[in-house]
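Working notes, structure below.
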Amino acid sequence: MPASPSEGPTPVVLVDALRREIVEGALVPGTRITEASVARRHGVSRVPVREALRALEAEGFVESTPHVGSRVAAIPVDEADDLFAVREALEISTARRAAQRARELFGEPRPPEDWWRTRRVLGQLLDDGDAAVEAGDLDRLVELNDRFHVGVAQLSGSATLATLLRQLSNKIEWLYALDTFSRGKRLWPDHRRILAAIDAGDEAGAAELMGWHVRESRIGFLARTEPADRVADLRATPPALPPTIPTPTIPTPTIPTPTISTPEAPTPTTSTAAAAPPA
């Protein structure tokens, strides 16, 4: 029995729930979505449903037509390469910024608690992922993979990058819903190397590792839809890395050595009177 509208989920939770239903295939492309059916299913009034559908339309998951209603949009297969390219650039930036921030914070007496909290979660995610790989639990691995990448964005300290990555990850996960091929297991060990570079404050190393990690995921997907020469180009062309922000160096002040001058002895003078011969 659905909960009463007063007990239903918040608009943000409702958006997440509907998006998850779309991404996981519970609502397939072309499915008509009515405010009344969603309201009944989730125990809310129509107002938050209307807001949720607008939000999902802005993200590209729903298409709405005046006087007709809303439907689940088509999976953006034709945009796959562009989506992966954007994610590649975005994740390179988050890894570089996370490493830069780690280097700066470790120069302080104590990094802030929110940073430590996220870092501890990432460490646990790596352990959980290793266990999932060993158990062959690929569904669990997909979830942990998404959480790891969002966690790196959080380490970067940029709320904008973290929000963009969440939205992009949802679209790419939707692409993956087209089939059930095994993914993630081969690339999972990359995460430890990426996090180690971030911990070391190695901006260039973290950016490069992340770039190739996302590139391999991109290649794995496009290999089934793109021509072989396109895939070969992706393998041969390194990811574009942003310039590393140099660490400012504080010059050591040079203290000049004081020069002590010795005053010269006065030159004796001979008076004319003393120099004259006696009469």
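Annotations for the structure displayed:
- Note on the range 112-200: semi-axes of the ellipsoid equivalent to its C-alpha gyration tensor, largest first and rounded to whole Å, are 22, 17, 10.
- Rounded to the nearest 0.05, the FRET efficiency derived from the C-beta distance between residue 193 and residue 240 at R0 = 22 Å is 0.65.
- Scoring 82-95, 219-232 by mean Cβ neighbours within 10 Å over their residues and listing the highest first yields 82-95, 219-232.
- Solvent exposure of the range 47-153 as accessible area per residue, Å², 1.4 Å probe: 50 Å²
- The simple spin-label model puts a point 7 Å past each Cα toward its Cβ; for residue 71 and residue 228 those points are separated by 3.8 nm.
- Only Lys, Arg (+1) and Asp, Glu (-1) charged, at Cβ; the range 131-203 dipole about Cα centre in debye: 100 debye
- If you take the Cα centroid of the range 181-226 and the Cα centroid of the range 25-62, the two points sit 34 Å apart.
- Close amide H partners of residue 62, meaning residues 5 or more places away or on another chain with modelled amide H under 5 Å apart, are 57, 73.
- Placing a pseudo-label 7 Å from each Cα along the Cα-to-Cβ vector at residue 31 and residue 16 gives an inter-label distance of 2.0 nm.
- Overall, the accessible surface of the range 1-87 at a probe of 1.4 angstrom is composed of carbon and sulfur to the extent of 56 percent.
- Label-point gap, in nm, between residue 116 and residue 51 - each point 7 angstrom along Cα→Cβ: 3.6 nm
- Solvent-free Debye calculation, one equal scatterer per alpha-carbon of the range 78-232: log10 I(q)/I(0) at 0.13, 0.15, 0.16, 0.17 Å⁻¹ equals -0.59, -0.78, -0.88, -0.99.
- Counting every alpha-carbon pair across the range 1-106, the share separated by more than 21 Å comes to 49%.
- Cβ crowding within 10 Å averaged over residues, with 11-24, 145-158 ranked highest first: 145-158, 11-24
The values are calculated or read from the model by the stated rules, or taken from the named source; none is laboratory data. Treat the numbers as computed from the prediction; the structure is a model and nothing was measured. As a convention, Cβ positions derive from the backbone with ideal geometry for all residues, glycine included, and neighbour counts pool all protein chains shown. What goes into the accessible areas is simple: the full protein's heavy atoms, side chains included, and nothing from ligands, DNA or RNA. Shrake-Rupley method; radii C 1.70, N 1.55, O 1.52, S 1.80 Å.
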